[in-house]
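The values are calculated or read from the model by the stated rules, or taken from the named source; none is laboratory data. Values in this document were obtained by computation on a predicted structure and should not be read as measured data. Every residue, glycine as well, gets a Cβ built from its backbone with ideal geometry; the counts of neighbours run over all protein chains shown. Surface accessibility is based on the protein's heavy atoms, side chains included, excluding ligands, DNA and RNA. Shrake-Rupley method; radii C 1.70, N 1.55, O 1.52, S 1.80 Å.
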Amino acid sequence: MKSIKENPIGIFDSGIGGTSIWSEIHTLLPLEKTIYLSDSKNAPYGQKSTDQIIALAIKNTEYLLNKNCKLIVVACNTATTNAIKYLREKYQVPFIGIEPAIKPASLKTKTKTIGILATQGTLNSQLFASTANNLDTSIKIIEQIGNGLVELIENNKLISPEMNQLLKKHLKPFIENNIDHLVLGCTHYPYLIPQIKEIIGSQITIIDSGEAVARQTKAILEKNDLLSSKLNIDFQNEFYINTATEVLEHILENKENTSIKQLDF
């Protein structure tokens with residue numbers, strides 16, 4: 001009988017951005033099969049109500065549970081900050097969430113001013129407010145909603161004049177306020193790092209959560225005795241998307257053992 005250890009890790013996001021998290025998990029845990037669900041049709045989650053976000057998170061979770069996933073990574077800052085408490089109460093499977101890394105940034109800052117680029121849903125969430133309120137009161141946080149960034153990435157305009165113009169607009173407050181650490185609070189945003197660096201320069205350190213999420217995923221698998229011990233011959237990482245597959249194909253280009261399927265979801 002097949003061991004539950006050989007079941008896949010489930011990962012979902014409000015689009016293709018969570019593939020940045022998938023990549024870190026796959027690098028750290030190459031023996032693990034993964035199933036990635038891209039709810040691009042409903043991207044971005046950041047402009048939706050809490051009830052809408054919870055409903056979408058439940059829908060995504062139940063799809064992955066029907067695929068026998070042994071653990072689910074909520075590879076979306078907005079879904080984590082708004083829905084993960086509910087998901088953990090409702091389902092038995094372990095959940096890994098993603099929060100903007102403002103605490104590490106606050107511990108490393110020299111200028112006592114850090115920036116966070118995130119969606120409105122993340123910045124308005126109770127979880128983010130709770131984390132921010134527990135920081136050293138001498139730390140100033142410059143918050144900026146990244147309106148339009150996710151939509152451009154989802155529409156295969158990662159490198160485009162529109163993206164460059166929008167990034168310059170969104171990053172301006174960080175430069176003006178002399179931040180020394182910029183926290184990326186959306187899993188889509190790591191794909192923008194090269195462009196962000198060109199605009200803000202090398203004096204500002206960029207922090208995203210991908211590597212930390214991968215380490216936490218491994219730790220929870222170990223704690224629950226769920227680490228895969230072997231690589232199946234038919235091993236494939238499955239990617240599902242409910243819009244056109246082109247942008248996902250572009251992001252995953254040259255990644256071996258992957259299959260991409262369009263899903264009516």
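Indicate the helices, whole DSSP H runs only, in the chain that combine a mean Kyte-Doolittle hydropathy of 0.0 or more with a Cα extent along their long axis of 18 angstrom or more. Result, helices passing both filters: 50-66.
Modelled spin-label separation between Glu89 and Leu135, with each label point placed 7 Å from Cα along the Cα-to-Cβ direction: 2.8 nm. Gain on full extension, evaluated as 0.36 nm per residue between Asn177 and Lys230 minus their Cα-Cα distance, stands at 14.1 nm. Over the stretch 141-203, the reciprocal of the mean inverse Cα-Cα separation, the Kirkwood hydrodynamic radius, stands at 12.0 Å.
Indicate the gyration tensor shape class of the stretch 163-265 (rounded, prolate or oblate), computed on the Cα atoms with a ≥ b ≥ c the square roots of the eigenvalues: a/c under 1.5 is rounded; otherwise a/b larger than b/c is prolate and the rest oblate. Oblate, because a/c is 1.5 or more while a/b does not exceed b/c. Compactness check for the stretch 1-92: Cα Rg over 2.2 N^0.38 Å is 1.06. When the chain is treated as a Gaussian network with alpha carbon springs shorter than 10 Å, the biggest mean-square fluctuation among Val183, Val247, Val93 belongs to Val93.
Accessible area per residue (1.4 Å probe, heavy atoms of protein chains only) ranks Tyr45, Tyr63 as Tyr63, Tyr45, with the largest value leading. Site pair Glu62 and Lys168 shows an inter-label distance of 4.7 nm when each label is modelled 7 Å from Cα along Cα→Cβ.
Of the cross-linked pairs Lys48/Lys85; Lys33/Lys103; Lys112/Lys172; Lys172/Lys218; Lys33/Lys157; Lys85/Lys261, which ones have a Cα-Cα span greater than 27 Å in the structure shown?
Working: Lys48/Lys85 18 Å; Lys33/Lys103 31 Å; Lys112/Lys172 18 Å; Lys172/Lys218 37 Å; Lys33/Lys157 30 Å; Lys85/Lys261 30 Å.
Pairs exceeding 27 Å: Lys33/Lys103; Lys172/Lys218; Lys33/Lys157; Lys85/Lys261.
Between Asn155 and Asp264, the FRET efficiency from the beta-carbon distance, with R0 = 30 Å, is close to 0.90.
The stretch 33-72 and the stretch 92-165 have Cα centres lying 20 Å from one another.
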